[in-house]
Each structure stands twice: as C-alpha cells, then as structure tokens.
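What follows draws every value from the coordinates through simple rules; no lab data is involved. Quick caveat: nothing in here was measured; it's all calculated off a predicted structure. Cβ sites come from the backbone with ideal geometry, for glycine too, and all protein chains shown count toward neighbours.
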Amino acid sequence: MKFKDIKSFNAYTKVRLPKHDLIDIGEYPSDFLKSSPPVFPNFYRISIKYGLEAEKEKGFMYFSSPNQAIHWKTDSPWIGYFININEELITKYHHLEYSFLNYGLHEPLFLMKSEEKLISELFVKALYEYKKKNFSINILVAYCNLMFAHIAGFYKRQFGERNSTQIKLVDDFFALLKTYYESQKNETVVQPSVNHFANELSVTSNYLGDLVKFHTGQPALSHIHQYIIDTAKLMIQEKNKSIAEIAYQLGFEYPNYFSRLFRKQTGFTPSKFRHM
C-alpha cells in the first residue's frame, strides 16, 4: 500500500490529521495502529520510541525516506514522538538533508539517557509550536535542524562504539569488494556500486557509506574506485586486451568513462600507463 500524503497515512494509523501538508509533528496516541504489513509513505518519517526491545531504559530513533517500505508489529502501545516531513520541504531547506534520514528501519539510533532527554525536549518544543493556531514553519524547521545536527553527532558516537555487528559489516563489505569481479564472471558485468553492496548486506547505501567512512576515513565509493583501478592496472599490464575491452570487462558502458576515472585516480591515461 502506498500513501501519497501525510493525511492518508495518519488516517491509516489512527493519528489525528496533520495541520500542514508538508510537516506533521505529534505524539503516538494510545490507539495507534499496532501492526501493519509493508507500506510505502511518500515522505520522511523520524520517530523516537521509549521502552522498546530488551533494553527498557533506552530510547530508540527510527528513520525512513520517501517510498521506503516500513512495517511494524507491537503488542503494547508505543510511547514517543514522530515527525513526518514531505520531500518538498527537505528540498526547500537543504540544510535538513542529512544522510541518516535514508538509513531505514534496520539501522536505528540507540540513545543514551542524556541524548534521549535532549531529543525529547526538542520534540516537545517543536510540538508546542506546531499546536499553535498560527505556527511558524521557520521555527519548526529550526527545531528540526537542531535535532538533526544532534542526531548526526549521536550516530558518530554509536559508530565509534565499534560493536561487533558494525565491524563485521565493514569487513563483509571489503570481502565482497575484493571478490566482486570474480563473482560476476557468469553474469553481465556492471560497475560495482555502494548500492550493490548495501543490498548484498541488507542495509541502506547511506548507512553503509557513512559507516565505512567513519571506520576507514574514506567513503565507500572511494574504496570501490580504488578496487576498480587496481584491477584495471593488472589487466592493462597483461597487454592482451585493448583498453576498450578492459573497460567493458570492468562494467563500463563507455570506454571514455573508464579512461576518465583511471586518469583521475592515477594521473595517467590507461594507454600511457600501459607503456610506462
């Protein structure tokens, strides 16, 4: 089921109707829909929920982006707050474009008590403004921006905890990258991408990219490009294939795209590198 606007989603989940088409802030009602098969809201959702999972003392934050499938099931009513933001508002206020908004439900933020208190206070203040008869969009955006800036910092703290799941995810990324072309031998080869590895690892590309960058100091795409170039260098030195053939075998649709990347990464064209 797809929801084109916040209003229809709220009606589905038994939440009061939004006061604005582009943004909605609220507290989970006691009769919020307790379970749902995968649905696809056409807007961003940011929520904080308390007393979930095994760690009853921690708050959790979840994020989903437009047309991303979300589903849930709970035996007891949720306690917490939510913000729904239309993509149009994010486009208008570019400073709200944080990568964690696209992490998806599988990469929640686990809040420390002090963090939970801070985020909850911002939710309460934003909701207080939203309940006014003539609320200010600019003030709501300011609250969101402040909240998002803190959340970005909290994710860095979470990444820095170096838990086994995160470390394994980064290790698995490099393991898949190292054998990418070998694994594609019986298929039509396409260039490796962050999205490909994210799908293989069942996470979102934004989450994988941010996690790899945090732990290695370089974006996942930079590691992918380096892998492509290292593989290309070996193929070029063998001298039994043309540069165009090598480009196609590496998944490039056009050889000039390959030559451009090779020169950018090495300072040499593939042909000049071959004759060095």
| note | Expressed as a percent, the portion of alpha-carbon pairs in the chain spaced more than 32 Å apart is 38
| If you keep only loop residues by DSSP, which GluC sites (Glu not before Pro) in segment 1-109 have at most 16 other Cβ atoms within 10 Å of their Cβ? | GLU53, GLU55, GLU57, GLU97
| Solvent-free Debye scattering, log10 I(q)/I(0), computed from the Cα coordinates of segment 164-274 at q = 0.11, 0.20, 0.23 Å⁻¹ | -0.37, -1.05, -1.25
| said: Can you tally the net charge around LEU201? Count Lys and Arg as +1, Asp and Glu as -1, for every other residue whose Cβ sits under 12 Å from the Cβ of LEU201. | reply: -3
| remark: Per the charge dipole of the chain (beta-carbon charges, Lys/Arg positive, Asp/Glu negative, Cα centre), the residue among PHE154, LEU122, SER136 reaching farthest to the positive end is SER136
| field | Structure-based [θ]222 nm, the chain - -39500 (n - 2.57) summed over DSSP H runs of at least 4, per residue, nearest 500 | value | -15000 deg cm²/dmol
| field | Alpha carbon convex hull of segment 2-160, projected area averaged over orientations, nm² | value | 8.7
| request: Could you work out how far apart the two model spin labels at SER36 and ASN138 are, taking each label as a point 7 Å from the Cα in the direction of the beta carbon, and quote it in nm? | output: 3.3
